[in-house]
Every structure is written in structure tokens, then in C-alpha cells.
Amino acid sequence: MAARGLRRAGPLGISALALLVLVIVLALVAPLIWQQRADAINAAEILRGPSGAHPAGTDLLGRDIFARVLVATRLSVGLALLATVLGVTAGLLVGATTAVLGRRAGRWIGTLINITVAFPNLLLALFFAVIFGVGAKGAVLAIGFATAPGFARITQTLASGVAGRDFIAAARIAGVGRFRILTRHVLPNIAEPLVVTATIAMGGAMLAFASLSFLGLGVQAPSYDWGRLLGEGLQQIYIHPAGALIPGLAVVLAAMAFNLSGEVVARAIGLRSTSTGTLGDPPPPAPSDPMPEADALLAVHNLQVSFPGVRPVRGVSLSLRRGEAVGIVGESGSGKSLTALAIARLIEPPGEVTADRLEFLGEDLRGDVSAHRRLLGTSLAMVFQDPMTSLNPVQRVGRQLAEVVRTHQRADRRTAWARAVDRLSAVRIADAAKRAGQLPHEFSGGMRQRAMIGMGVMANPALVIADEPTTALDVTVQKQVLQLLQNIRSAENVGLLFISHDVTVVGQVCERVLVMYAGRIVEDLPASALREHARHPYTRALVAAVPDMETDRNLPLAVIPGRPPDPRDLPVGCAFAARCPLATDRCREEDPPLDSLETGRRVACWHAEQTVPHLSLIKGEQS
Amino acid sequence: MRALTFENVTVRFGSRRRGTVAVDDVSLVVPAGQVVGLVGESGSGKSTLARAAVGLAPLTAGRITPSARGRHVQMVFQDPYSALDPRMSIGESIAEAMPSVDRAEVARLLELVGLPADRARDRPHLLSGGQRQRVALARALAGNPEVIIADEITSALDVSIQGAVLNVVRELQRRMNLTMLFISHNLAVVRYVSDIVAVMREGKIVEYGPVDEVLGDPRHEYTRELLAAVPRPAH
Ligand SMILES: Nc1ncnc2c1ncn2[C@@H]1O[C@H](COP(=O)(O)OP(=O)(O)OP(=O)(O)O)[C@@H](O)[C@H]1O
Ligand code: SF4
Ligand SMILES: [Mg+2]
């Protein structure tokens with residue numbers, strides 16, 4: 001983990017961490033080594049410029065400025081640390097309290113936090129400095145309390161994200177107390193981002209402290225920190241600039257060390273996104289697929305997605321015309337979502353994507369992703385399964401929709417809002433103008449999903465990729481959402497790539513269905529053939545495992561025996577062999593290629609011609 | 001096992017004037033040892049009704065017995081990925097729901113839902129969605145509840161796994177004679193596990209009766225609509 005984190009940190013990150021270590025070591029040892037030198041008054045050497053003996057020159061009393069800067073590290077870092085600890089503790093307490101208290105009290109505190117966050121930090125610090133008096137103590141308190149609101153807000157946002165999750169509800173039902181929920185469930189789950197934010201706040205505190213001392217509101221003589229040294233140096237800046245430059249540099253470097261280290265850690269644990277996925281390496285030999293048609297809206301050939309030690313998508317080829325609806329079905333972990341994410345260029349490092357061809361609207365999507373952001377942002381819409389995690393819980397729905405056109409089309413606030421309301425009513429959300437002003441939790445699941453679709457079509461896309469958009473919905477709403485997708489498709493001639501594990505739904509929505517198993521397409525067939533004329537044993541099993549309105553209620557349900565293979569440890573031969581009623585020795589030795597059959601159909605099975613009655617698929621086995 | 005009774009239950013969110021009534025004067029009985037399947041459209045109040053029964057939604061009016069206090073009613077949630085604390089082993093999650101921690105009981109519960117007892121030390125990320133739902137079921141059983149509420153517990157699962165979880169639910173229910181409120185949007189699934197079906201719409205129960213009667217001969221317009229919306233393959 002640590003090694004991988006370092007690798008992801010890159011040269012800048014490593015230098016930031018090295019700098020951080022240096023600052024901390026200096027804070028610990030500098031006063032022990034250079035204290036005397038820093039305090040030695042030398043009347044013979046007043047206000048000298050930099051020299052071999054005094055790298056940063058001397059001050060009004062002839063003291064060595066460089067030594068003073070080094071010695072001041074401890075006080076500067078220490079006081080900033082104290083202020084940060086104070087601010088973080090106060091912020092954490094207030095922010096976490098909102099999670100423990102009921103909704104109403106939580107909202108009050110939230111409002112209070114929002115108000116205080118709006119004050120500029122320095123102003124707040126000055127205000128506190130006046131109250132607490134001038135001096136180091138006052139400054140620590142001032143900066144601490146100025147840091148607190150921002151931290152409280154972050155804590156609150158993170159905590160409310162975790163608090164909405166079901167395991168919190170489950171713990172409450174099980175009788176676990178509020179305080180215990182906070183310490184056992186909420187805090188551990190938000191600790192990492194909080195630590196990172198605290199580190200970054202530390203950088204800010206260093207700067208703030210330097211400013212206060214510089215203004216004479218912080219550390220008082222005879223003590224000195226960087227801010228003070230900077231102030232003293234500045235008075236002599238015309239005589240020799242080094243006296244001001246060196247303390248200034250120290251402040252900037254130390255603050256940067258903390259800030260950047262925070263960012264680096266954040267990146268290493270995956271809090272910040274840095275889309276730099278690589279594309280274009282020569283991939284392993286492609287399975288025998290036909291080249292996608294030339295007029296395709298989307299043309300993918302031999303798409304592979306890999307992570308360190310595993311390749312969950314192993315050579316997917318597909319094409320999609322304007323206005324066409326293609327479905328992808330398959331079990332959990334078969335690579336459906338990764339395929340979709342790879343097409344949208346949303347795979348994050350260490351994930352790696354390669355393809356022989358990846359074209360969307362005629363543009364080659366391979367290579368640097370930032371070159372394609374605009375096209376992807378406006379012409380491709382993704383709708384995800386879980387609208388709650390895709391919507392920001394603390395921002396009004398309308399505003400989130402508006403954001404899309406504001407960033408991609410630079411629309412002004414009012415136009416963007418009007419369009420958001422328009423799109424919400426287009427996805428049949430009643431009273432859209434009022435609903436736009438609500439928060440996501442005030443929407444029902446189906447409404448959230450429709451809002452997500454509304455967000456997807458804010459910018460007139462040419463392709464909508466919907467990943468399990470109706471999995472969480474009940475039949476009537478599912479029907480509406482599916483209808484909605486159909487309408488958008490036919491009205492605006494939008495292509496639809498529809499991902500689902502529900503064969504019935506896919507069969508209903510799509511013209512063509514791709515069946516995925518263990519990272520590959522094993523069958524490509526018209527939706528109309530799904531029920532009766534599927535060739536691949538896996539497709540047939542999927543169709544047979546769906547309970548319907550005639551299922552015998554006294555028998556256990558049909559399940560496909562066993563589990564899909566571990567993508568880290570795929571068997572040789574056909575990946576489905578262990579669960580396949582038709583498997584032979586050949587299947588266990590040779591992986592069947594995806595062969596083209598009659599017009600458009602493809603199947604990857606050695607025994608696709610063999611017919612098995614559905615009933616011969618194992619009934620009632622527990623997987 | 002006891003019956004679960006909702007008497008004139010109303011749940012309102014927000015203020016009297018601007019708020020919404022999620023559950024509107026609902027009376028509903030889940031008879032002891034039976035499964036009532038609750039169906040209805042999104043936003044019709046099914047989950048709110050369920051959450052009211054476990055004290056996660058405030059009652060504006062009415063009464064629910066057994067009361068939410070004292071772990072009599074336990075619930076299994078829809079999303080297997082948010083149901084378990086990622087920072088805790090599944091054994092700890094189950095033990096947390098017990099009056100006092102009992103390792104042997106954790107092992108027994110895991111076996112009961114068809115998971116090897118030695119997986120108790122695993123973190124949730126090592127489990128498939130179906131396995132997580134079984135752990136969630138074990139956790140619900142850990143408090144020795146009188147009633148179990150299952151809110152869309154299979155809708156996030158694959159068909160092949162869904163079958164296995166439903167088999168476990170059905171088996172446990174019969175073996176332990178559980179009283180259960182089973183919420184699902186999938187009529188075929190509800191039909192498979194339930195003895196009684198209740199249909200909810202806009203906060204009200206619009207139809208209630210034995211599963212064969214309601215699905216075979218629906219009386220309410222909306223129930224007929226629901227039946228018509230069951231996805232059927234094209235062509
Ligand atoms: N970031 C990652 N690092 C390593 N492996 C990953 C990562 N993301 C996904 N995988 C693996 O890739 C495989 C395919 O995942 P994918 O999310 O595409 O499946 P899926 O077909 O969409 O499944 P579901 O129906 O559950 O959504 C899985 O085995 C998964 O564990
Ligand atoms: S190749 Fe063999 S094992 Fe694979 S699906 Fe076909 S018959 Fe089954
Ligand atoms: Mg997926």
C-alpha cells in the first residue's frame with residue numbers, strides 16, 4: 001500500500017514529502033544546534049549582506065538571520081500545529097455533533113457553520129486577535145477558530161454522506177447508541193479524508209500565522225517566528241533583501257510542504273481524481289471479431305481493461321449506430337460497468353485501458369483524455385445505478401443539473417437553471433420548478449433516477465450509457481424510466497448502451513443484446529431471439545433463472561450452480577466450463593472464439609449448435 | 001413470533017402545510033409466522049412504512065406493535081454495498097446486533113444463512129453482493145427479533161444470486177416460522193415468497209389479500225396496472 005502510494009505520488013509528491021520531513025526534523029533539532037548562534041549579538045556585524053559566515057546576512061543587532069530562520073522553524077511549525085489541532089478539534093466536534101443530533105438541530109448547526117465559513121479566514125483571525133489580545137496565545141486561538149468552521153463543514157458533509165448509508169441505519173435499529181455509532185461507524189469511515197484535510201489546513205495555518213506575526217498581532221519579541229523575521233527583514237529590504245527573502249521563502253516552502261503532502265496522500269488513497277489513464281499500447285492478439293461498421297456512432301474493437309494483476313475486460317468489440325439500443329447483460333463482475341467506464345474514459349489509474357479501436361462520433365478516443373473532455377462532456381451521457389451516490393447530497397438538484405451546462409456550454413446562471421427545470425419536467429418530474437429547489441434526499445429513488453437521466457440529457461448527447469438505471473426501481477417506475485429512455489432515443493436519435501443484469505428488461509428495451517461472461521462477450525444476438533433462440537448455454541441459463549408469474553412456489557428457485565470464476569485466476573479453456581451442462585474436454589482446454597454466425601449474430605461456444613432444453617439446466621442448486 | 005400490526009399509521013415529512021404525507025392512515029397486519037409481500041410504485045411509501053416500523057421514520061399518528069424500541073423488529077436493506085460497515089469484519093457487524101457478543105452464535109447464524117462460519121473475520125469487500133445480503137440477514141436475526149422486514153433485498157442482486165438468496169429467505173422463514181414484511185418491486189419475486197400481498201399507492205394500502213387471489217383476480221385498477229407493467233420480453 002505504502003509503496004504503491006509512493007509510486008502514484010510521482011516526483012512532485014516525493015519532493016513534497018521529503019520537504020515535509022525536512023521541516024519536521026528542523027523543527028525538532030534546529031534550536032538544539034543553532035540557538036546560540038541565532039541569539040549571539042555582534043555589534044561589529046550589524047546589517048551585513050549575505051556572506052560565507054552569514055548566508056542570509058545579519059540583522060539590526062548583528063545576529064545571524066539564517067540561524068534565526070532555522071531556529072524559528074520550531075516556533076512557527078509548533079504554533080501553526082497548535083492552531084490547527086485546536087481548529088480541527090473544534091471543527092470535528094461541531095461537525096460530528098450534527099451527525100449525532102437529530103435532523104433539526106443538525107440543520108441549525110449546519111446553517112451556523114455555513115455563515116461562519118463565509119467569513120474570510122484572515123478577517124476572522126484579526127477579529128479574534130482583538131478579542132483574545134495581541135500575542136502568540138491570541139493568535140493560536142484566532143487561527144484555530146478561524147480554521148474550525150471550514151473543517152466543521154467538511155466533517156459534516158463527509159459524515160452526512162456516511163450517515164445516509166444503510167449500515168448506520170442497521171446499527172440504530174440494532175439498538176446501538178448515537179455516540180457509539182459516531183465513534184464506531186462514522187469517524188473510522190471519514191478518518192482518511194479528514195487527516196488529509198487537516199494536513200492541508202496546517203499549510204494554511206502556517207501562512208496565516210506568518211501574516212499575523214508580520215502584522216505584529218502574533219508572536220511578540222523577544223520570541224520570533226518566521227512572520228516576525230519577515231517583518232524585521234522587510235524594514236531593511238533596501239539595505240539587503242536576503243533578510244526578508246529567506247524567512248519569506250521558509251514560510252512558503254513549509255506551507256507548500258504541508259499542502260502538497262496532503263494532496264499527495266489524498267491522491268494515493270484515491271480521494272482526488274487524476275484522470276491520466278493510458279491508452280494505445282499494442283494489445284494482445286484480438287479474438288476473431290468482425291470490424292465494426294464504418295458509420296457507427298460508437299466503434300470499439302478489442303477493448304481491454306486491466307488493473308495490477310488482473311484483466312477484468314478481455315477483448316470486447318462492439319458497435320452502435322445512431323438511435324440504436326444495445327444491451328449488455330451478465331452477472332456481477334462480468335465487466336459490464338468497466339466496459340462502459342472505459343468507453344467513457346472514466347477508468348482511473350492504476351486501471352489501464354487498451355483498444356485497437358475506440359471511436360465515438362468519428363473521433364479516436366484513445367490517447368490523452370483531456371483532449372476528449374469536451375466531446376465526452378457534451379455528447380456522451382452516463383446514467384449510473386445508484387443515483388444517491390451520483391448526486392451531491394447537500395446541493396439542490398436543480399443546481400446540480402444546471403452545473404452541467406454551466407461548465408460545458410458556459411451558459412449563464414439563469415439559462416442553466418431554466419434548462420434544468422425544463423429537463424426535470426422532460427423526465428416527468430411533476431412540479432419541476434419546486435422540485436429543482438429540493439435536495440436529493442427529498443426525492444424518492446425513482447425520482448432521483450429520473451433526475452439523473454435529466455442530468456444526462458442536459459447537453460443533448462448523442463449516446464447515453466445507462467448502467468443498471470432501473471435496478472433499484474419498482475415495475476411501474478421502471479416502466480416509466482425505460483419509456484423515458486426510449487423517448488429520448490427516438491425523439492433525438494440518441495444511441496443507447498443499456499447495461500443490466502436483468503435479461504427480461506434488456507430484452508424489452510434493446511434491439512440487440514450482448515451477453516458478457518468473465519470479461520468477454522460470449523453472445524451477440526437480436527433481443528427477439530433471447531427467449532427461445534439463444535445459442536450460448538450461459539445465455540440460456542440466465543433466461544431460465546428469472547422467476548416469473550408461473551414459477552412453482554413450493555420448489556426452490558433455479559439458480560446457475562457455482563460462481564463466476566475469479567478474474568485473477570481464470571481457468572484455461574472456456575470460462576463457463578465449470579458451470580456448463582454441455583462442457584466437454586475440449587471446452588476445458590481451448591477457449592472458444594467469438595465466431596460470427598448468420599447476419600450480425602456472434603457466439604463463443606464450441607457446442608453452440610447443440611440444443612439443450614431449458615429444463616436440463618440444474619434446478620434448485622444452492623450457489 | 002408475533003404479528004406485526006400497523007394501526008392508522010401516518011408519517012408526514014416537513015411542515016403541515018408544505019410537507020408531504022408519505023404514509024397516510026395505513027392499517028396493515030402481518031400475521032404471525034406469515035409473509036406479507038408489499039408492492040407499489042416508487043415513492044408510494046413502502047420504505048417509509050418499513051422504516052417507521054423500526055423507528056427510522058417518525059410516526060405522525062398511529063401505532064405500530066411490536067414497538068420499534070427493544071430490537072423486536074429488524075430490517076434488511078436493499079443495497080448490499082452500503083449495508084455493512086466496510087471497516088468492520090462481518091462477524092463484528094453481526095455481533096453488534098446481539099444483546100451480548102457471542103462468537104458461537106455468530107458462527108451459527110452464518111451457517112444458517114449458508115456461509116461458512118470461518119468467514120466471520122472477513123471484511124465485506126471480500127464478499128459478493130449475494131453473500132453480503134445473507135450477512136445482513138444474519139445480522140437481522142442476531143437480535144432474536146419477532147419480525148423481519150426485508151426492503152428490496154434482492155433488487156440489487158444478479159438473477160442467479162437472487163434465486164439463492166430467495167431460497168435462503170424462504171427456507172429460513174418456513175423453518176423458523178418468521179413473521180416477515182417483504183417489500184419488492186418485482187411481482188414475480190413477491191409472488192414467490194409471500195402468503196399475502198398488500199398493494200400500496202400514494203401512501204395508502206389499496207389492495208390486500210392472499211397472493212393467488214390478488215394476483216389472479218386483481219380488484220383495484222392500480223393492481224391491474226402493476227401486473228401489466230411486469231416486464232415481458234420483446235416480440
Ligand atoms: N478498481 C478496480 N481494481 C481492481 N479490480 C477491479 C476494479 N474495478 C473493478 N474490478 C474488477 O473487474 C471485474 C469487473 O467489474 P465490473 O464492475 O465491470 O462488473 P459488472 O459486470 O459491472 O458487475 P455488476 O453487475 O456487479 O455491476 C470485477 O471482478 C471487479 O472486481
Ligand atoms: S464452450 Fe463448452 S463449456 Fe463453454 S459454454 Fe460452450 S459448451 Fe459450455
Ligand atoms: Mg456494474
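The values are calculated or read from the model by the stated rules, or taken from the named source; none is laboratory data. Only a predicted model underlies this, so the values are computations on that prediction, with no experimental measurement involved. In this analysis, Cβ positions are derived from the backbone assuming ideal geometry, glycine residues included, and neighbour counts consider all displayed protein chains. Heads up: the accessible areas ignore ligands, DNA and RNA and are worked out on the full protein's heavy atoms, side chains in. Shrake-Rupley method; radii C 1.70, N 1.55, O 1.52, S 1.80 Å.
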Notebook entry, point to check: Using 7 Å Cα-to-Cβ label points, what is the A:Val195/B:Thr20 separation (nm, one decimal)?
Noted result: 4.0 nm
Notebook entry, point to check: Where the centre of each part is set by its Cα atoms, how far does region A:182-243 sit from region B:155-172, in angstrom?
Noted result: 57 Å
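In chain A, which longest range has no GluC sites (Glu not before Pro) that are both DSSP loop (not H, G, I, E or B) and surrounded by at most 13 other Cβ atoms within 10 Å?
A:1-292
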Next item on the list: Obtain the nm distance between the two label points defined at A:Gln395 and B:Thr65 by a simple spin-label model: each point lies 7 Å from its Cα along the Cα-to-C-beta direction.
Entry: 5.0 nm
Note to self: Using each residue's phi in region B:79-86, evaluate 6.51 cos²θ - 1.76 cosθ + 1.60 at θ = phi - 60° and report the 3J(HN,Hα) Karplus result to the nearest Hz, with x for Gly and Pro.
What the structure shows: 8, x, 7, 10, 6, 10, 5, x
Next item on the list: Once every Cα of the protein assembly as shown carries one equal point scatterer and solvent is ignored, give the base-10 log of I(q)/I(0) from the Debye formula at q = 0.05, 0.06, 0.10 Å⁻¹, two decimals.
Entry: -0.34, -0.49, -1.17
Check: What Rg and what Dmax come out for region A:45-99 when only alpha-carbon atoms are used, in angstroms?
Finding: 19.4, 60
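Which number do you get for Rg(Cα) / (2.2 N^0.38 Å) in region A:2-268?
Values: Rg = 21.7 Å, N = 267, 2.2 N^0.38 = 18.4 Å.
Dividing the Cα Rg of region A:2-268 by 2.2 N^0.38 Å gives 1.18.
Quick one: if you take sqrt(5λ) for each eigenvalue of the C-alpha gyration tensor of chain B, what semi-axes come out, biggest first, whole angstrom? Kindly include the intermediate steps, with their values, before the conclusion.
Working: eigenvalues 170, 92, 54 Å².
In descending order the semi-axes read 29, 21, 16 Å.
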Item checked: Segment A:Arg586-A:Leu47, extension gain: residue separation times 0.36 nm, minus the distance between their alpha carbons -> 185.1 nm
Notebook entry, point to check: Using a Förster distance of 60 Å, how high is the FRET efficiency between A:Asp566 and B:Ala3, based on the Cβ-Cβ distance and rounded to 0.05?
Noted result: 0.85
Next item on the list: Calculate one ³J(HN,Hα) per residue across region A:429-438 by plugging θ = phi - 60° into the Karplus curve 6.51 cos²θ - 1.76 cosθ + 1.60, and present them in order as whole Hz with x for glycine and proline.
Entry: 9, 5, 6, 4, 4, 6, 4, 4, x, 9
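Quote the relative contact order of chain B in percent (integer), defining contacts as alpha-carbon pairs under 8 Å separated by 6+ residues.
Numbers: 488 pairs, mean separation 62.9, N = 235.
Computed over chain B, the figure is 27 percent.
222 nm [θ] for chain A, helices only, -39500 (n - 2.57) per DSSP H run of 4+, per residue, to 500?
Working: 22 runs with 310 residues, N = 623.
Computed mean residue ellipticity for chain A: -16000 deg cm²/dmol.
Please give me, ordered by residue number, the trypsin sites (Lys or Arg not before Pro) of region B:56-98 that lie in loop per DSSP and have at most 12 other Cβ atoms within 10 Å. Don't skip to the end; give the middle numbers.
Values: sites: B:Arg63, B:Arg69, B:Arg71, B:Arg87; in loops: B:Arg69, B:Arg71, B:Arg87.
When the trypsin sites (Lys or Arg not before Pro) of region B:56-98 are filtered for loop state and at most 12 Cβ neighbours within 10 Å, B:Arg69 remain.
Got the relative contact order for region A:2-268 handy, in percent, Cα pairs under 8 Å and 6 or more residues apart?
Working: 428 pairs, mean separation 64.2, N = 267.
Worked out over region A:2-268, it gives 24 percent.
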Check: Ranked from the most accessible area to the least, with a 1.4 Å probe and all protein chains present, what is the order of A:Met549, A:Met458, A:Met256?
Finding: A:Met256, A:Met549, A:Met458
Checklist line | Kyte-Doolittle mean at least 0.0, axial Cα span of 20 Å or more - DSSP H helices of chain A | finding: A:2-39, A:65-100, A:103-118, A:136-163, A:187-214, A:242-268
Margin query: Contact order normalised by length for chain A, with contacts defined as Cα pairs under 8 Å and 6 or more residues apart; what percent is it?
Written below: 11 percent
Note to self: Please compute the length gained on full extension between A:Ser223 and A:Glu492, using 0.36 nm multiplied by the number of residues separating them and subtracting their Cα-Cα distance.
What the structure shows: 89.7 nm
Notebook entry, point to check: Could you give the nm distance between label points at A:Glu442 and B:Asn177, where each point is 7 Å from its Cα heading toward the beta carbon?
Noted result: 4.8 nm
Margin query: Within region B:2-34, name every residue whose backbone N is under 18 Å away from a label modeled 7 Å from Cα of A:Arg107 along the Cβ vector.
Written below: B:11-23
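Pop out the carbon and sulfur fraction of the accessible area of chain B as a percent, whole number, probe 1.4 Å. Could you put the intermediate results ahead of the total?
Working: 4260 of 9290 Å².
Ligands and nucleic acids excluded, carbon and sulfur give 46 percent.
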Check: For A:Glu598 and A:Arg322, what is the calculated FRET efficiency with R₀ set at 22 Å and r taken between the beta-carbons, to the nearest 0.05?
Finding: 0.35
Notebook entry, point to check: When the helix-only estimate is applied to chain B (DSSP H runs of n ≥ 4, each -39,500 (n - 2.57), divided by the residue count), what is the mean residue ellipticity at 222 nm, nearest 500 deg cm²/dmol?
Noted result: -10000 deg cm²/dmol
Item checked: Largest to smallest accessible area among A:Ile190, A:Ile46 [probe 1.4 Å] -> A:Ile46, A:Ile190
Margin query: Based on alpha-carbon centroids, what's the gap between region A:49-95 and region A:467-531 in Å, whole number please?
Written below: 62 Å
